[in-house]
1. Which helices count as membrane-span-like in the chain under these terms: full DSSP H, at least 15 Å along the axis by C-alpha, Kyte-Doolittle mean of -0.5 or more?
2. Order 13-26, 84-97 from most to least packed using the mean count of other Cβ atoms within 10 Å.
3. Using all Cα-Cα distances in the chain, what percent lands in each 5 angstrom bin from 0 up to the longest?
4. Starting from 0.36 nm per residue, how many nanometres of slack lie between Asp66 and Glu218 once their C-alpha separation is accounted for?
5. Count the net charge of all other residues whose Cβ sits under 13 Å from the Cβ of Asp89, scoring Lys and Arg as +1 and Asp and Glu as -1.
6. Please list, by residue number, every one of the trypsin sites (Lys or Arg not before Pro) in region 203-245 that is coil in DSSP and has at most 15 other beta-carbon atoms within 10 Å.
7. Apply 1/(1 + (r/R0)^6) to the Cβ-Cβ distance of Val249 and Glu134, taking R0 = 22 Å, and write down the FRET efficiency to the nearest 0.05.
8. With a Förster radius of 30 Å, plug the Cβ-Cβ distance of Ala81 and Lys29 into 1/(1 + (r/R0)^6) and report the FRET value to the nearest 0.05.
Amino acid sequence: MDLHLKGRRILVIGGSYGIGKATAALLVKEGAEVIIASRSAENLTAAAADIAAETGADAPRTLVCDLTQAGAGEVLTQAVADHWGGALDGLISAVGGSIRSAFEDLSDDDWMANYQFNVLSTVRAIRALLPALEAGNAPSIVTLGAAASKMPYQHQIASNVHKAGLLGLNKTLAAELAPRGIRVNLVAPGRTVTPLWTNRADKMSAEDGRSREEIFAEFSRDIPLARFGQPEEVAVMAVWMSSPLASYVTGQAVNVDGGIARGLL
Ligand SMILES: NC(=O)c1ccc[n+]([C@@H]2O[C@H](COP(=O)([O-])OP(=O)(O)OC[C@H]3O[C@@H](n4cnc5c(N)ncnc54)[C@H](OP(=O)(O)O)[C@@H]3O)[C@@H](O)[C@H]2O)c1
């Protein structure tokens, strides 16, 4: 199927590894022009080389930008101005993550840091890039939320709250930005094999001596498809939502979670 992504200018924040990198790779494969942004020049350079090798296409451009910092919006805007004359066809935000902790162990600072990471990072990027998106062609915004926003996980209260907040952001912005021609959607992954989870499993492994495989097996038990997802399986949804084929889809939050979230809605 032709996703009509050829030549579309798409910025992926949180694109140096994990779901963001897999999304950028698929976009490049489909002929899109891509900028990947993250905090680390080293990670970005490695990701760009991997993507070029994997797709046989030109490497995506890279941009060092820490989305938890107040000036991040200007950094993104400047890059879009420099490379694409200030016009952007798609923004995908894969910045975010969770803290495993009991409720009473989380300080105000922990809550604020997780809010910056999961919500304000995306808010900042969208707000700064609205003029560029308005100048783009059939523009779209896709945010990575989490299945936890529909079925909260134990011991992840901060991200449960903040990812639920992204659902509100998604629905509200979809209505607010529709008159300006911008679609807004969200992909809600379940447990996915990325550094977010491999690092977590390695930490657990150091604490209790189980292997990474044993930990993944344990956390697969409540997943109907009985396994973790691969980043590429999540990327497909983000890429489709960003494509002109999804022209009548806005304000939607679609789980790619192996069936873990059991609610009807
Ligand atoms: N993996 C899962 O099981 C899972 C489940 C549910 C939801 N999600 C959500 O899906 C999204 C992607 O998850 P993932 O598993 O791919 O995460 P990941 O493996 O931790 O990758 C996160 C990406 O964001 C970048 N990043 C981190 N902090 C940043 C910052 N302050 N500014 C800019 N970039 C930053 C990282 O690159 P640098 O280190 O180079 O900055 C990396 O490219 C997140 O929103 C996550 O909450 C993931």
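1. Numbers: long enough: 18-29 (17 Å, 1.03); 41-55 (21 Å, 0.37); 72-84 (18 Å, 0.15); 121-134 (20 Å, 0.71); 157-177 (30 Å, 0.53); 195-208 (19 Å, -1.22); 231-242 (16 Å, 0.81).
For the chain, where a helix must reach 15 Å along its axis and average at least -0.5, the hits are 18-29, 41-55, 72-84, 121-134, 157-177, 231-242.
2. Per-residue mean Cβ counts within 10 Å order the peptides as 13-26, 84-97.
3. Final binned percentages: 1, 6, 13, 18, 20, 18, 12, 7, 3, 1, 0.
4. Details: separation 152, 0.36 × 152 = 54.72 nm, distance 3.36 nm.
Between Asp66 and Glu218, full extension yields an extra 51.4 nm.
5. Details: positive: Lys6, Arg8, Arg9, Arg183; negative: Glu30, Glu33, Glu134.
Residues near Asp89 contribute +1 overall.
6. On the way: sites: Lys203, Arg210, Arg212, Arg221, Arg227; in loops: Arg210, Arg221, Arg227.
Those that pass, being in a loop and sparsely packed, are Arg210, Arg221, Arg227.
7. Working: r = 19 Å, r/R0 = 0.87.
With a Förster radius of 22 Å, E is 0.70.
8. Values: r = 26 Å, r/R0 = 0.88.
Efficiency, rounded to the nearest 0.05: 0.70.
Any read-out appearing in this document is the output of simple, stated calculations on the displayed coordinates, not a laboratory observation. In this text the structure is predicted, and so the values were computed from the model without any measurement. A quick note on method: Cβ atoms are made from the backbone with ideal geometry, for glycine too, and the neighbour counts reach across all protein chains shown.
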